[in-house]
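Enquirer: The structure is given below, and queries will be raised subsequently.
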Amino acid sequence: MSTTHCTQLANRFEALAAEGLVDVKFFVRNLDEATTERVCSEVNALYAALDAGQHELLDFKDSRRA
Amino acid sequence: MTDSSNGTTWVLSEKFEGTFEKVRVLQEHVRRYSLAPDQVPVSIEDLQWAIEDVYRMKISKVLVDFDAEHIRGMMERYSDGRANVYVRSNQDADPQQNLYWRRFISVKEMIHIAIDEKDDFSPQGSETIEELIRNHTLEALKPAKSEIQSEALAELAAFELLYPMEFRARDIAHSLPLGSLAAHYQVPNYVIERCLEPGYMKMARATWNEISGHGLGGLNSNP
């Protein structure tokens, strides 16, 4: 893998693995139209948003548990 | 079907049955503790609790504000029992469909905790992405690679959890419109379309029948 976005992402996952990451999975839509570099760039964008604080806990507030 | 990520993927039947069995365990776990066990839409928070309780994991669901064309969400699993599920905020211009997509993506990513075996694990996400894109199409009579099977099975498990078989069988009999079904179960239209495909219904019905869960008939039955 020699391209920039995927190399950048691989470096992040290497760092996360050192913190205990054992698995990572992705929900990718329209795989027919996707390229590896494009998807890597989007995952990098996700992590950049996390780093920038552009996130919130997701709670659907729909529990019916006793 | 333009949004289908894994619609043509070939999955080993033993993995398929194993996935449905895990869905059954989670459904029964929720039903045991829920005040309204058969009410829909299915509670995402109760499903999360069931996965955490059965698999001894702590899951954080996080809504992330970023622009993307392909990535809907992702899941990170850590060796200390933590898991993060990231969901992209903007999935659809329609606010209701946007909510339904968030529900579906949350379940599809959380269910990896239940259905993936250690052989399916990899922290090397860039390589996983490369495999997903290189191998997502069906090759002649070859089972899909582990990464592809895992995604396909997670999607099917999310279908079964959010739109259970017993409701689908009833809805087919009543010929209810797609939009009203999506609103009733709070799932994207895509999920309703996929779940009610005759081929999928036959496969799911036969699998439920095989594992003595909610099976209502075999492969020769009507969808």
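Enquirer: Cβ-Cβ below 7 Å, separation at least six or inter-chain, first residue in region A:10-29 and within 7 Å of another protein chain (Cβ to nearest Cβ) and in contact (Cβ under 8 Å) with a residue 12 or more places away in the chain, second in a strand (DSSP E or B) and of a type in the set (V, I, T): which pairs?
Expert: A:F26/B:I71
Enquirer: In region B:69-116, what residues are under 17 Å from B:L153 (Cα atoms) and in a loop (DSSP other than H, G, I, E, B)?
Expert: B:I111, B:D116, listed by residue number.
Enquirer: Of all residues in region B:1-21 being modelled with pLDDT of 90 or more and buried (at least 21 other Cβ atoms within 10 Å of the Cβ), which is farthest from the other protein chains (Cβ to nearest Cβ)?
Expert: Top of the filtered list is B:F20.
Enquirer: Then there's this: For region B:114-128, how many residues are closer than 11 Å to A:K25 by Cβ and either more than 9 Å from chain A (Cβ to nearest Cβ) or charged (D, E, K, R) (or both)?
Expert: 3
Enquirer: Need the failing condition index for A:R38 against (1) surrounded by 14 or more Cβ atoms within 10 Å (Cβ to Cβ); (2) at pLDDT below 95, just the number.
Expert: Failed condition: (2).
Enquirer: Please go through region B:108-136 and give me each residue that is among the charged types (D, E, K, R) and more than 18 Å from B:E52 (Cβ to Cβ), ordered by number.
Expert: B:E117, B:K118, B:D119, B:D120, B:E127, B:E130, B:E131, B:R134
Enquirer: Touching a residue at least 40 places away in the same chain (Cβ under 8 Å), touching a Gly at 6+ places or on another chain (Cβ under 7 Å), within 12 Å of chain A (Cβ to nearest Cβ) and under 28 Å from B:E28 (Cα atoms): which single residue out of B:E151, B:E155, B:E109 fits that description?
Expert: B:E109
Enquirer: Next up: Restricting to region A:8-25, what's the tally of residues that are out of contact with any Gly (no Cβ under 7 Å at 6 or more places or on another chain), at negative phi and surrounded by 13 or more Cβ atoms within 10 Å (Cβ to Cβ)?
Expert: 10
Enquirer: Please enumerate the residues belonging to region B:69-87 that are at the interface with chain A (Cβ under 7 Å from one of its Cβ atoms) and either under 17 Å from the mean Cα position of the chain (by Cα) or surrounded by 21 or more Cβ atoms within 10 Å (Cβ to Cβ) (or both).
Expert: Of everything in region B:69-87, those that are at the interface with chain A (Cβ under 7 Å from one of its Cβ atoms) and either under 17 Å from the mean Cα position of the chain (by Cα) or surrounded by 21 or more Cβ atoms within 10 Å (Cβ to Cβ) (or both) turn out to be B:H70, B:I71, B:R72, B:G73, B:M74, B:M75, B:E76, B:R77, B:Y86, B:V87.
Enquirer: In region A:36-58, how many residues are outside any helix (DSSP H, G or I) and within 7 Å of chain B (Cβ to nearest Cβ)?
Expert: Matching residues across region A:36-58 total 5.
Enquirer: How many residues, within region B:171-186, are not in a helix (DSSP H, G or I) and not polar (S, T, N, Q)?
Expert: Adding up the residues that qualify gives 2.
The values are calculated or read from the model by the stated rules, or taken from the named source; none is laboratory data. All values reported here derive from a predicted model rather than from experimental measurement. So basically every Cβ, Gly included, is an ideal-geometry build from the backbone, and we count neighbours across all protein chains shown.
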